[in-house]
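The values are calculated or read from the model by the stated rules, or taken from the named source; none is laboratory data. As the structure is a prediction and not an experimental result, all values here were calculated from the model. Using ideal geometry, Cβ is built from the backbone for each residue, glycine included, and neighbour counts are taken over all protein chains shown. Side chains are part of the model used for accessible areas, which takes the heavy atoms of the whole protein and leaves out ligands, DNA and RNA. Shrake-Rupley method; radii C 1.70, N 1.55, O 1.52, S 1.80 Å.
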Amino acid sequence: MVDDMLRTPGAVRDAERWTAHNYHPLPVVISSAEGAWLTDVDGRRYLDFLAGYSALNFGHRHPTLIAAAHAQLDRLTLTSRAFIHDQFADFCRELAELCGKDMVLPMNTGAEAVETGIKVARKWGYQVKGVPAGQANIVVAEGNFHGRTTTIVSFSTDEDARADFGPYTPGFTVVPYGDLDALTAAIDENTVAVLLEPIQGEQGVVVPPEGYLPGVRAVCTERNVLFIADEIQSGLGRTGATFACDHEGVTPDMYLLGKALGGGIVPVSAVVANADVLGVLKPGQHGSTFGGNPLACAVAVEVVRMLATGEFQRRSAELGARLHARLRELIGKGLVAVRGRGLWAGLDIDPALMTGREACERLAERGVLAKDTHGSTIRLAPPLVVTEEEIDHAVTQLAAILTA
Ligand SMILES: *Cc1c(COP(=O)(O)O)cnc(C)c1O
């Protein structure tokens, strides 16, 4: 096919012309997808090794989830929280049970779940812990990614994410990630919460040292501070367990969930905690027009049921072991380091070879879509329905671009 017959170049130009440039997408224009595969407007197929930053843990258009969405579309889509609908209680109960907690507060996006967690922790601090008015502080980690709202970027350490968006929300103390002594030293009598990703995805799939998360749990318990785990990207099967915290036997006081909870169909996020924490909210103090809507609940309850079988977590653990073994073979052959757990990997490419962006462009030319994070780091997060053969295929393409 000659180039000027392709639809992609024009579609890329139109997308650039008519949108704010807050993203720098790869020049592919997707028109359909199924499972782990994407098809572009020119009929080319790609293996999806980003999976919507883990929003597509169950792959594109999983039949069970699509059926649930279709059925719900034909019955009821939105009520607002002013009324109760018949999908609400099941979703909240089953998600609470999956998390081993008392109750759920549904929202839409991940950033909203983080904002909700911050508000709940502050109110808990004033009403339960007895922190003096306006004095609550929350300890967070360097290299964090919790979303894009003004409060959340206030404690980002990524200058691109933060610069020129001030004045910033006060009340956050930033400490190095993985350093328990620094975290312990930052906690004072007005600390209401420690907010962490159990694995830092955006930072390049950074796994903290063994013992860190149990240490954080212990110090939070000892100092009467809430441990908030942002499992928006790491949770719901991605790491080979339901939650990344599970690998170290840690139970946080609050789970923040999002991304995969919506089954790749609708934005669904949630805060999950016990009644002594989430119970501080009373009518009128927090809310969302779309949070917990019937369509969202109908899809998300199926996501919870799929996770309750353990099948996806097992797949992620087993296939993840293969992915990591294959990737480790490339260390010294173009890769400098490989990190991660389950079907989640952060790769540092030898910066002398290419940037992460260049690596992703070359992978795209070979039919594999992935995303760079910083510098020469790229992140792989295939859907959990990916097969062994597809993993091998993707790693073969990676090896090819590294040695080309
Ligand atoms: C993606 C992400 C968020 C923000 O979620 P949005 O739905 O994009 O607002 C928050 N925390 C973590 C760890 C994430 O990966």
Report task. Would you be able to say whether some residue in the range 154-162 is within 14 Å of the ligand (Cβ to nearest atom), in contact with a helix residue (DSSP H, G or I) (Cβ under 7 Å, 6 or more places away or on another chain), part of a loop (DSSP other than H, G, I, E, B) and without any contact (Cβ under 8 Å) to a residue 40 or more places away in the chain? Result -> yes
Report task. Determine which member of the set Leu50, Leu56, Leu65 is under 30 Å from Thr309 (Cα atoms) and touching a strand residue (DSSP E or B) at 6+ places or on another chain (Cβ under 6 Å). Result -> Leu50
Query raised in the report: Just one of Gly117, Gly147 is at pLDDT 95 or above and assigned to a loop (DSSP other than H, G, I, E, B); which is it?
Result: Gly147
Report task. For the range 114-137, indicate whether the set of residues that are within 16 Å of the ligand (Cβ to nearest atom) and either at positive phi or open to solvent by 60 Å² or more (accessible area, probe 1.4 Å) (or both) is non-empty. Result -> yes
Report task. Hey, can you tell me all the residues within the range 171-196 that are within 27 Å of Lys259 (Cβ to Cβ) and part of a strand (DSSP E or B)? Result -> Phe172, Thr173, Val174, Val175, Val192, Ala193, Val194, Leu195, Leu196
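Of all residues being among the polar types (S, T, N, Q) and either within 28 Å of Gly342 (Cα to Cα) or outside the structural domain of Arg122 (by TED's automatic domain parsing) (or both) in the range 186-222, which is most open to solvent (accessible area, probe 1.4 Å)? Just the residue, please.
Out of the qualifying residues, it is Gln203.
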Query - Number of positions in the range 254-274 that are open to solvent by 40 Å² or more (accessible area, probe 1.4 Å) and either over 30 Å from Tyr212 (Cβ atoms) or in contact with an Asp or Glu (Cβ under 9 Å, 6 or more places away or on another chain) (or both) - result: 4
Query raised in the report: If we scan the range 234-252, do we find a residue that is closer than 25 Å to Gly134 by Cβ, open to solvent by 10 Å² or more (accessible area, probe 1.4 Å), in contact (Cβ under 8 Å) with a residue 12 or more places away in the chain and more than 13 Å from the ligand (Cβ to nearest atom)?
Result: no
Query raised in the report: In the range 372-398, what count of residues is obtained for those that are open to solvent by 30 Å² or more (accessible area, probe 1.4 Å) and at pLDDT 95 or above?
Result: 8
Query raised in the report: Somewhere in the range 221-228, is a residue within 16 Å of the ligand (Cβ to nearest atom) and in contact with a Phe, Trp or Tyr (Cβ under 9 Å, 6 or more places away or on another chain)?
Result: yes
Query - the range 258-271: number of residues that are near the ligand (Cβ under 10 Å from one of its atoms) and under 15 Å from His146 (Cα atoms) - result: 3
Report summary line: Restricting attention to the range 325-353, the residues that are open to solvent by less than 40 Å² (accessible area, probe 1.4 Å) and touching an Asp or Glu at 6+ places or on another chain (Cβ under 6 Å) number exactly 2
